[in-house]
Every structure is written in structure tokens, then in C-alpha cells.
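Read the structure below first, then the notes.
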Amino acid sequence: MLNEAKSFVKTMYRELNYNEDSISKRIYQIEKQINATGTYEHTNEELIYGAKMAWRNSNRCIGRAFWDALTVNDARHIQTENEFIDAIESHIQIATNKGKIKPYITIFSSHHPPQIFNNQLIRYAGYEDVGDPAERKVTQLAEYLGWESKHTHFDILPLIYQMPGDKLKFHNYNPELIKEVPITHEQFPKLKELGLKWYAVPIISSMDLKIGGVTYPTAPFNGWYMVNEIAVRNFTDSYRYNLLETIAEAFEFDTLKNNSFNKDRTLVELNYAVYHSFKNEGVSMVDHLTASKQFERFEKNEQKHGRIVTGKWSWLAPPLSPTLVSNYHHGYKNEIRDPNFFYKKQSSTTGCPFH
């Protein structure tokens, strides 16, 4: 822990132009704390900058250009159940920001924090016959706890949580808190009949935040959606909603034979529909080509500051028209740096943390 703390403090303090005396003094304080208690407490400034660095170091995230714009809510003082639920609902409200999505993270204590059992704070339930298959286990847990739903494709799951020393519980959000976007296409009116929609903000809650040797097990955070995540992955992946054929029928594409290219047309038109549906509702979203340009700028800016950009190539190349973007054409060193976000062992989620 001390070695990781030293590395983090030196990196952060030098980036913020602290002098070497300040760095030595802070390292001495941390070493004293670790020797006495086995751990140490981050200052508010360290927590804020450490969380931003964790986003900057997230190898699977294409949206890292905005790492320094992350708003950090230091919730380490929260102990009661009511305070915890208020903090979660406040996060959703502030992050949604009436559609102008705000990158936001709420960090609870590293010592015996409240636990969250959802993969994301907002997610649709999954049943045997309808809904999101990726959420079947969480849905079963919610039902075991007594949650009742309408059993549709798009039932918002409750928050499933556990306070230290207490039993597992669930909390139903106020429906007005959750902003959802109906998916339509002006050239293909039958798409509206499918009743597709998606929630505005992807708030990841299945990851640990690690800063300088200290792990924060409960630190939900969000960026905003890149269109492909919803249109290509969530809606059409065979192990998710698996709606490629259904949507192609709504578009009245008569065949999905490979040589008809209608599978490709379906994806392109669906991406168009999702993107413009979000924009028409005033909800922030980025298309894959713009996101890749933003990542190019991020790479150049990091190079200017003498930092090498690490990355997971298969996640940085978008799933639609990847050869049109620069990051498709070169590799990245997939080295994991601290601070960073880490998926919990029981989590099956493997995607980009912020998106």
C-alpha cells in the first residue's frame, strides 16, 4: 500500500505543480498513518484528482478526453440508510441534469461502505421471456427480496443494497427521477410500434475504484452514451435484446441474407434512430465517429504532457464502421495503471466503464 501511495502522491502532486517538500511531507504523513492503522485517508483533493486519474487510465473508455471534467461527490461521511439513498438519487438527478448529462461519481467510505448489487444504478429487468438477459440474476435477486414488476421489456430495476450490519434490501426509484428516451425513426414509422426505449444515463455501480492502494468498493459513476452501445450492442447482440430481425422487419427490409447487406443497413438506420431520438429529447449522446475524433485529441494532449495512452484496442475501435476511425489502425499497450476502476469478481460486466 505504501509503495502505491507514494507513486500516486508523486504523480498527482507533480501534475498539480506542488513542490518536492510538499510531496515529501505528505508521504511522511501517509507512512505514519499506514504504520499506525494499516491504511490511510485521502484528502478531499486527493480523492477528487485520484478519481479523475482513474477515468484517464480506463483502458476500455473512448471518452477519456473529458476526464478532468468529472464532478466528484465525496460521500465518505455517509453512514445512515436514508443518507445513502438520498446520495444515490441525488447522483441520478445531478448526472441526468435535465438531459445535459454530467460526468459524475459518488464515492462512499473505503471502510465498511453500503454495498450495491446492481450492475448499473439504472437498468432494465430481465426475465425468461422478455427484458434484458444480462440482468436475469439481478432481477431474480430483486424478486426474491419481494420486488414486483409489470413484466415488460423495459421495467426499471430497483436499487438493491445492503447497509453495514443490516440485511439486503431494495428501493424503488421515483419514476420521475429516471429519464427515458423513446426510439423512433422519421423515415420508418413502424419502428415506433415496437415501443423501444432506453434510459438516459449509464451509471456503473459494479466496479471498485482504487486510488494509491486504497480501494473504494462503492463508487457509482457515469459518463454519457456512445450511440453504438445502445443501437449495436444492447438492442442487437444475440445475448442481449437480440432485436436485429425484429427491427429489420419494422424497417420493411425483405431479407437478411448476408449478400443483401440488410443486416448492415438495419444497424446503420438503428444507430441513426437512437442518436436522433436522444437528440430530439435533449439528451446528451455522442456518435462513434465524433467520439473517435475526441479520443484522437485526448491522445495528442496526453502526448503533450509526456504521458503514454494505454488502451484495450477491441473496446476503442467502435462496433460500427471501425475502419473509418484512426484508433482502428494502430494498437495500444493494455497496461493497467493506478488509479483505476476494476470490475468486482462476481460481476459479469466487461464493457467500457464510463460508457
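The values are calculated or read from the model by the stated rules, or taken from the named source; none is laboratory data. As the structure is a prediction and not an experimental result, all values here were calculated from the model. Quick reminder, even Gly has a Cβ in these numbers, built from the backbone with ideal geometry, and neighbours come from all protein chains shown.
Name the residues in region 16-40 that are acidic (D, E) and either more than 19 Å from D338 (Cβ to Cβ) or free of Cβ contacts under 8 Å to residues at least 24 places away in the same chain (or both), would you?
So the first thing to find is which residues in region 16-40 are acidic (D, E), and the list is 20-21, 31.
Within region 16-40, E20, D21 qualify.
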Condition met for V274 (more than 14 Å from E229 (Cα to Cα), at pLDDT 95 or above and either crowded, with 18+ Cβ neighbours inside 10 Å or among the hydroxyl-bearing types (S, T, Y) (or both)): no
The residue from D68, D74 that alone is assigned to a strand (DSSP E or B) and either in contact with a Lys or Arg (Cβ under 7 Å, 6 or more places away or on another chain) or not basic (K, R) (or both) is D74
Subset of region 107-117, residues touching a residue at least 60 places away in the same chain (Cβ under 8 Å), within 18 Å of the chain's Cα centre (by Cα) and surrounded by fewer than 23 Cβ atoms within 10 Å (Cβ to Cβ), comes to Q115, I116
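Within region 128-170, which residues are part of a helix (DSSP H, G or I) and either over 20 Å from the mean Cα position of the chain (by Cα) or within 21 Å of I92 (Cβ to Cβ) (or both)? Give the derivation first.
Filtering region 128-170 for residues part of a helix (DSSP H, G or I) gives 133-144.
Across region 128-170, the qualifying residues are A134, E135, V138, T139, Q140, L141, A142, E143, Y144.
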Every residue in region 142-155 that is more than 17 Å from L196 (Cα to Cα), of a type outside the set (F, W, Y) and either crowded, with 17+ Cβ neighbours inside 10 Å or in contact with an Asp or Glu (Cβ under 7 Å, 6 or more places away or on another chain) (or both), please. A142, S149
Matching residues, region 186-230, being under 20 Å from R123 (Cβ atoms), in contact with a Leu (Cβ under 6 Å, 6 or more places away or on another chain) and hydroxyl-bearing (S, T, Y): S205
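Could you list all residues from region 277-292 that are more than 19 Å from the chain's Cα centre (by Cα) and either at pLDDT below 95 or not charged (D, E, K, R) (or both)? Let's see the steps before the verdict.
To start, the set of residues in region 277-292 that are more than 19 Å from the chain's Cα centre (by Cα) comprises 277, 279-282, 289.
Matches in region 277-292: S277, N280, G282, L289.
It is to be established whether one or more residues within region 226-244 are within 30 Å of Q33 (Cβ to Cβ), at pLDDT 95 or above and not in a helix (DSSP H, G or I).
Just the residues of region 226-244 that are within 30 Å of Q33 (Cβ to Cβ), to begin with: none.
Within region 226-244, not a single residue is within 30 Å of Q33 (Cβ to Cβ), at pLDDT 95 or above and not in a helix (DSSP H, G or I).
Would you confirm, using the coordinates I've provided, whether Y173 is surrounded by 13 or more Cβ atoms within 10 Å (Cβ to Cβ), modelled with pLDDT of 95 or more, touching a strand residue (DSSP E or B) at 6+ places or on another chain (Cβ under 9 Å) and in a loop (DSSP other than H, G, I, E, B)? Give the steps one after another, and end with the answer.
On the way: surrounded by 13 or more Cβ atoms within 10 Å (Cβ to Cβ): yes; modelled with pLDDT of 95 or more: yes; touching a strand residue (DSSP E or B) at 6+ places or on another chain (Cβ under 9 Å): yes; in a loop (DSSP other than H, G, I, E, B): yes.
Yes.
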Within region 234-256, residues more than 29 Å from the chain's Cα centre (by Cα) and either of a type in the set (F, W, Y) or surrounded by fewer than 18 Cβ atoms within 10 Å (Cβ to Cβ) (or both) come out as E249, F251, E252, F253, D254, T255, L256
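Working carefully through the options Y49, Y18, Y40, Y28, find the one that is surrounded by 15 or more Cβ atoms within 10 Å (Cβ to Cβ), hydroxyl-bearing (S, T, Y) and assigned to a helix (DSSP H, G or I). Before you say what the answer is, go through the steps one by one.
On the way: Y18 fails: assigned to a helix (DSSP H, G or I); Y40 fails: assigned to a helix (DSSP H, G or I); Y28 fails: surrounded by 15 or more Cβ atoms within 10 Å (Cβ to Cβ).
After applying the criteria, what remains is Y49.
Take region 62-106 and flag every residue that is of a type in the set (A, V, I, L, M, F, W, C), closer than 24 Å to L168 by Cα and without any contact (Cβ under 8 Å) to a residue 60 or more places away in the chain. Steps first, please.
As a first pass, look at region 62-106 and keep what is of a type in the set (A, V, I, L, M, F, W, C): 62, 65-67, 69-70, 72, 75, 78, 84-85, 87-88, 92, 94-95, 101, 105.
Filter once more, keeping what is closer than 24 Å to L168 by Cα: 75, 78, 84-85, 87-88, 92, 105.
A75, I78, A87 - these are the residues of region 62-106 that are of a type in the set (A, V, I, L, M, F, W, C), closer than 24 Å to L168 by Cα and without any contact (Cβ under 8 Å) to a residue 60 or more places away in the chain.
This table checks each residue for (1) surrounded by fewer than 21 Cβ atoms within 10 Å (Cβ to Cβ); (2) under 27 Å from E176 (Cβ atoms).
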site	(1), (2)
I62	no, no
F66	yes, no
A75	no, yes
H91	no, yes
K98	yes, yes
G131	no, yes
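Kindly indicate whether Y104 is over 30 Å from A5 (Cα atoms), surrounded by 21 or more Cβ atoms within 10 Å (Cβ to Cβ) and in contact with a strand residue (DSSP E or B) (Cβ under 6 Å, 6 or more places away or on another chain). Working first, answer last.
On the way: over 30 Å from A5 (Cα atoms): no; surrounded by 21 or more Cβ atoms within 10 Å (Cβ to Cβ): yes; in contact with a strand residue (DSSP E or B) (Cβ under 6 Å, 6 or more places away or on another chain): yes.
It is false that Y104 is over 30 Å from A5 (Cα atoms), surrounded by 21 or more Cβ atoms within 10 Å (Cβ to Cβ) and in contact with a strand residue (DSSP E or B) (Cβ under 6 Å, 6 or more places away or on another chain).
Does region 142-153 contain any residue that is under 26 Å from R265 (Cβ atoms) and at pLDDT 95 or above? Before the answer, list the steps.
Step one: filter region 142-153 for residues under 26 Å from R265 (Cβ atoms), giving 153.
Checking which are at pLDDT 95 or above leaves us with 153.
Scanning region 142-153, I find at least one residue that is under 26 Å from R265 (Cβ atoms) and at pLDDT 95 or above, so the answer is yes.
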